[in-house]
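Here is the structure we will look at.
The values are calculated or read from the model by the stated rules, or taken from the named source; none is laboratory data. Predicted model, so just to flag it, every value in this text is computed and none were measured. Glycine also receives a Cβ, built like all others from the backbone with ideal geometry; neighbour counts cover every protein chain displayed. Only protein heavy atoms, including side chains, enter the accessible area calculation; ligands, DNA and RNA are left aside. Shrake-Rupley method; radii C 1.70, N 1.55, O 1.52, S 1.80 Å.
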Amino acid sequence: MRRRAADYRRPVRRRFSIWIWVLLGVLCIAGFILLFFLQNQGLRERVEQPILDRNAATLQFPDDSSNSTSYARQLLDQMTLAKAYIVIAKEHNNHHLAWELTSHIRTCQFLLSKAAMKTNPMTQQEAEPLIKTLSSLIFKAQEAHYDIATTIMTMKSHIQALEHRANTATVQTTLFGQLASESLPKNLHCLNIKLLSDWLTNKKLHDVTSEIKSSPKLVDNSLYHFCLFSDNLIAVSAVVNSTISNVDHPKLIVFHVVTNEANYGAMQAWFVINDFRGCTIEVKKIEDLTWLNASYSPVVKKLTQPEFRAYYFEGSLDDEPKFGNPKYVSLLNHLRFYIPEIYPRLEKVVFLDDDVIVQKDLTSLFDLDLHGNVNGAVETCLEAFHRFYKYLNFSNPVLSSKFDPQACGWAFGLNVFDLVEWRNANVTGAYHFWEEQNSEGMLWKLGTLPPGLLSFYGRTEPLDRRWHVLGLGYDMNVDNRLIENAGVVHFNGNLKPWLKFGIGRYKGLWEQYVNRSHPYLLDCVAN
């Protein structure tokens, strides 16, 4: 084998001395030790410094007596943190620490309640010992290796539990508010009792009532006919009084009222013994409408079924708090779909809800041209949530094939009904059809507006929105200019003006039409 020439041979590798390798190893070890020491020192400073800062901040007491509420805030903050550590301590079987924290939390609660009951604010001498003790316990819990990740997870579970409790409380508040809005205050119930006593003992009231029922005005289509259906005497009285107070010729006004048997006598007595400027007021009771029975009306059949009542009062309250509202199982709420049958000789009426106040002359509504439509109403689609799809279930093919989900909604409460066109279009038959289609609650869940939107679809004439301003029963920020220019203001919502929790800003609009000087009202309020 031939050897390469010397010029083409690779150079010989020189090996480092063993001492150089030893020196490099020592330097590397020293560097690792120094780096570990510095990192450990920095970590200790990062862990200890916030604790010292928190300790200093926690134990910093203000000198100014006007800042005394900071003691209470510090105690509340520490109690919140201590409650989280109680849960963590129990999970780690540190029951002694959990007991200490619980004991001091109770002491804090006692001190806070004591300060709340007395007029003098909490002093530094009272708060300082407890804040120091609770701070030391919190630091002790932190030193027990309850790391921040564990604390965060525990606090997250607490937040979820509180959110669930808050949601439950919201549902209950809504339900109780609706029940309260549908019930009469004690003084108004007292008024009903006094009037019912008069109705049962005074035969003259019956004679006057008989004359009203036989009056030709009730079927005179040259007069202005209004109708409303309610069991709330004082609310109906306010509607009637506000209507006739804003017209030039109240004797041309005829009111048709339907109530239930329990309130019939009191309502008849009230409208007979009080002067309403010559206005004619007819009162009927729903029990006399014998033709309105389960064989004719699907809604009557449904309302009498026990499973339907259970559906509203026992089922799905967590998903839909409105289910517990009693008005949804009241037939009075559905009478608006039977106006042509209740008053077969009338041609045009204005329908009013019992929670409205009339501020202008409404007689000009009878001269409006509805262009062949049945219903004149104010549209409410200026905001997206008043479109059809917000009221109806358009996943159902029965609806999606016949209606536009973006169609504009409108409001009950002030409606002009052409009863001639109503009968020609058989709107009541359409209402029955949709009630039968919704027998299992798959098209809509609540109220009379959804079937109204369907029954009057393509038969509704939009009115100027100034005729009807809504929201006074739930919205505290309705524009004053809208209220001043409104023909009718509507207290729709739970905060009715006759209730104590009604919105004070709007109460005067309603109270000015209540006869507070009446002896019965004065006596009921006083007692």
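Structure above, values below:
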| quantity | calculated |
| --- | --- |
| Dipole magnitude of region 424-466, debye to nearest 20 (Cβ charges: Lys/Arg +1, Asp/Glu -1, about Cα centre) | 220 |
| Distant-in-sequence amide H partners of I281 (H built 1.01 Å from N, under 5 Å) | F255 |
| Per-residue ³J(HN,Hα) for region 80-90, Karplus 6.51 cos²θ - 1.76 cosθ + 1.60, θ = phi - 60°, Hz, x for Gly and Pro | 4, 5, 5, 5, 5, 6, 4, 4, 5, 4, 5 |
| Karplus-derived 3J(HN,Hα), 6.51/-1.76/1.60, for each residue of region 241-246, Hz, glycine and proline x | 5, 5, 5, 6, 6, 10 |
| Residues whose placed amide H lies under 5 Å from that of K348, excluding near-sequence neighbours | L419 |
| Label-point separation in nm, N485 to K132, each point 7 Å along Cα→Cβ | 6.8 |
| Accessible area per residue in Å² at 1.4 Å probe, computed on region 349-406 | 46 |
| Contour excess over end-to-end distance, with Cα ends at L76 and R106 and 0.36 nm allotted per residue | 9.6 nm |
| Of A377, W410, P397, farthest towards positive along the dipole that unit charges on Lys, Arg, Asp, Glu beta carbons give region 365-420 | P397 |
| Within straight-line cross-link reach of K90, lysines at Cα separation under 24 Å, skipping those fewer than 8 residues along the same chain | K132, K140, K156 |
| 17 Å Cα-Cα reach of K284 towards lysines, excluding residues that sit fewer than 8 places from it in its own chain | K213, K217 |
| Accessible area per residue in Å² at 1.4 Å probe, computed on region 416-457 | 37 |
| Spacing of the two label points (7 Å from each Cα toward its C-beta) at Y457 and T168, in nm | 4.1 |
| When each of K360/K390; K114/K496; K204/K251; K402/K445; K301/K445 is checked by Cα-Cα distance, pairs over 26 Å | K360/K390; K114/K496 |
| In sequence order, calculated HN-Hα J values of region 408-420 (Karplus, 6.51, -1.76, 1.60; Hz; x Gly/Pro) | 7, x, 9, 10, 7, x, 9, 9, 9, 10, 8, 6, 5 |
| Amide H contacts of W410 (H built 1.01 Å from N, under 5 Å, at least 5 apart or other chain) | T380 |
| Computed FRET value (nearest 0.05) for F394 with I29, which takes r as the C-beta separation and R₀ as 60 Å | 0.20 |
